[in-house]
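S.K.: Before anything else, here's the structure in question.
The values are calculated or read from the model by the stated rules, or taken from the named source; none is laboratory data. No experiment lies behind these values; they were computed from the predicted model shown. Note that each Cβ is placed from the backbone with ideal geometry, even for glycine, and that neighbours are counted across all protein chains shown. Ligands, DNA and RNA are stripped out before the accessible areas are found, and what is left, the full protein with its side chains, is counted by its heavy atoms. Shrake-Rupley method; radii C 1.70, N 1.55, O 1.52, S 1.80 Å.
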Amino acid sequence: MPAKSRFTRLDAFTKTVEDARVRTTSGGIVTLVSLVVIFWLTWSEWADYRRVTVRSELMVDKGRGERMEISLNVSFPRMPCELVTLDVMDVSGELQMGVTHGINKVRLSSEKEGSRVLEIKALDLHADEAIHLAPDYCGDCYGAPPPTNGLKAGCCNTCDEVRDAYASISWSFGRGEGVEQCEREHYSEHLDQQRQEGCRLEGSIRVNKVVGNFHIAPGKSFSNGNMHVHDLENYFKDEYAHTFTHRIHHLRFGPQLSDAVVQEVQQKHRASGHWGWTSHHVNPLDNSDQHTDEKAFNYMYFIKVVSTAYLPLGWEKEVAHPAKHEELLGSTIDATYKGSIETHQYSVTSHKRSLQGGTDEKDGHKERVHARGGIPGVFFSYDISPMKVINREVRDKSFSGFLVGLCAVIGGTLTVAAAVDRALYEGVNKIKKIHSQ
């Protein structure tokens, strides 16, 4: 048997001759409707194939030896910048006292004047480098050992160096009366001038990614054995009512995400059925306020930091962003970056107490008793979670799945349309036979 005849016998799609075909008006209508349905369902299949969803995964954080950026912006309307000190310490033994690198102290006018910005560059009241002094000048340290970071070895040529020398042996410094360097720099006069001012700390610091804390407290800090101490003389002796009433404009762990990135991530989360990822979810302390009229008052925030990664489609092809912002503190991830975003979220609980001790009877908690003593200020204790959250962008449907769905749409629609057309044709013919009888 010829090869052509063999294939002819296998033909499952038998044809009818043109004369045996009947075209009807109902068939044309069914054909148009079926084409519209096919186009609509095809578009739905394409949109389903192109839709990006976000899947959340939880895994053990395997990062080692990493460092973490902390960005803060906190206002103290009743604390002058001269009395405010920022210290950072962690369980690895690293201690950063009097942090100024990466942090700006912004002088604010008094609350009565609206706490407007007076000066941003004034990080130190007594930033006199003593360059105008004689080359052979060597200032007295007044019984304290000269600081190792002084301008001139073995000397205390500025008021700040005398303060450092006093702090190294845990001596209280006060207002610098009788200290020639401080009188030359008008240290006490500057203190009086800024007495009713406020201060805002803004900027970023980088810390080890281990359990630690950073705190904002009055007076110069120093270590005394295993104790961390602050010189509180100027804070408590000043007749003006200094307090640690504060407003946290923002507190962030990790790099800054631009508004465009946050909106894009939130939109994709909503498309996935989530509530969305907003900056409030990432930074719950933003725009929070605390108020007190007591000098001896302490605020503590206990923070649990969770490493979070966002992996957009094709992130493997992009250069990792940590390499980009590692050297630039306070950098922002904008919408042009399409690689993996490594940041942190955190949860927080807060506690406040008077350093005078006593109960919380006035707040309705008579059974709650506070210990006496401590350092006034605002303390942030952070703990690092061993788990990591990964938000990964994925496509729920592969291209092969799209093709299968497309074939099902076309084949199923045509099959149903053929059945409907056949039913209409047979029904019309029966009605005609009934009327003809």
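S.K.: The conditions are (1) outside any loop (DSSP other than H, G, I, E, B); (2) at pLDDT below 80; (3) open to solvent by 50 Å² or more (accessible area, probe 1.4 Å), and A167 fails exactly one of them. Which is it?
M.R.: The number of the failed condition is (3).
S.K.: Same structure, new question: Spot the failing condition for N224; the list is (1) at pLDDT below 80; (2) open to solvent by 60 Å² or more (accessible area, probe 1.4 Å); (3) over 28 Å from F379 (Cβ atoms), and only one is missed.
M.R.: Among (1) at pLDDT below 80; (2) open to solvent by 60 Å² or more (accessible area, probe 1.4 Å); (3) over 28 Å from F379 (Cβ atoms), N224 violates only (3).
S.K.: Can I ask one more? Sort through G364, G357, G377 and tell me the only one that's modelled with pLDDT under 85 and under 30 Å from M227 (Cα atoms). Full working, then the answer.
M.R.: Values: G364 fails: under 30 Å from M227 (Cα atoms); G377 fails: modelled with pLDDT under 85.
Just a single option satisfies the conditions, and that option is G357.
S.K.: Do we find a residue being acidic (D, E) and farther than 28 Å from D160 by Cβ anywhere in segment 71-90? Please lay out each step first, then the result.
M.R.: Step one: list which residues in segment 71-90 are acidic (D, E), which gives 82, 87, 90.
Those left that are additionally farther than 28 Å from D160 by Cβ: none.
There is no residue in segment 71-90 that is acidic (D, E) and farther than 28 Å from D160 by Cβ.
S.K.: Give me the pairs, please: first residue somewhere in segment 243-255 and free of Cβ contacts under 8 Å to residues at least 24 places away in the same chain, second residue anywhere and assigned to a loop (DSSP other than H, G, I, E, B) and surrounded by fewer than 19 Cβ atoms within 10 Å (Cβ to Cβ), beta-carbon distance under 8 Å, and either six or more positions apart or on two chains.
M.R.: none
S.K.: If I ask for residues that are polar (S, T, N, Q) and surrounded by fewer than 16 Cβ atoms within 10 Å (Cβ to Cβ), which ones from segment 170-199 would you list?
M.R.: Of everything in segment 170-199, those that are polar (S, T, N, Q) and surrounded by fewer than 16 Cβ atoms within 10 Å (Cβ to Cβ) turn out to be S170, S172, Q193.
S.K.: Output yes when any residue across segment 405-412 is of a type in the set (V, I, T), in a helix (DSSP H, G or I), modelled with pLDDT of 85 or more and within 14 Å of I38 (Cβ to Cβ), and no when none is.
M.R.: Yes.
S.K.: Follow-up. With the structure loaded, tell me whether N213 is over 24 Å from E119 (Cβ atoms) and not aliphatic (A, V, I, L, M) or whether it fails that test. Don't jump to the end; show me each part of the working.
M.R.: Values: over 24 Å from E119 (Cβ atoms): yes; not aliphatic (A, V, I, L, M): yes.
In short, yes.
S.K.: Checking the conditions here, which among G150, G98, G139, G176 is among the small types (G, A, S), at pLDDT 80 or above and over 19 Å from P77 (Cβ atoms)?
M.R.: On the way: G150 fails: at pLDDT 80 or above; G98 fails: at pLDDT 80 or above; G176 fails: at pLDDT 80 or above.
The unique qualifying residue is G139.
S.K.: If only one of L201, L285 is modelled with pLDDT of 80 or more, assigned to a strand (DSSP E or B) and of a type outside the set (S, T, Y), which one is it?
M.R.: Only one candidate passes the filter, namely L201.
S.K.: May I pose another question? Considering only residues that are closer than 20 Å to R247 by Cβ and in contact with a strand residue (DSSP E or B) (Cβ under 6 Å, 6 or more places away or on another chain), which ones fall in segment 196-212? I'd like the intermediate steps shown before the answer.
M.R.: Here is the first cut: in segment 196-212, the ones closer than 20 Å to R247 by Cβ are 196-205.
Correct list: E197, G198, C199, R200, L201, E202, G203, S204, I205.
S.K.: Of the numbered conditions (1) hydroxyl-bearing (S, T, Y); (2) more than 30 Å from V60 (Cβ to Cβ); (3) within 28 Å of the chain's Cα centre (by Cα), S381 fails exactly one; give the number of that condition.
M.R.: Of (1) hydroxyl-bearing (S, T, Y); (2) more than 30 Å from V60 (Cβ to Cβ); (3) within 28 Å of the chain's Cα centre (by Cα), only one is false for S381: (2).
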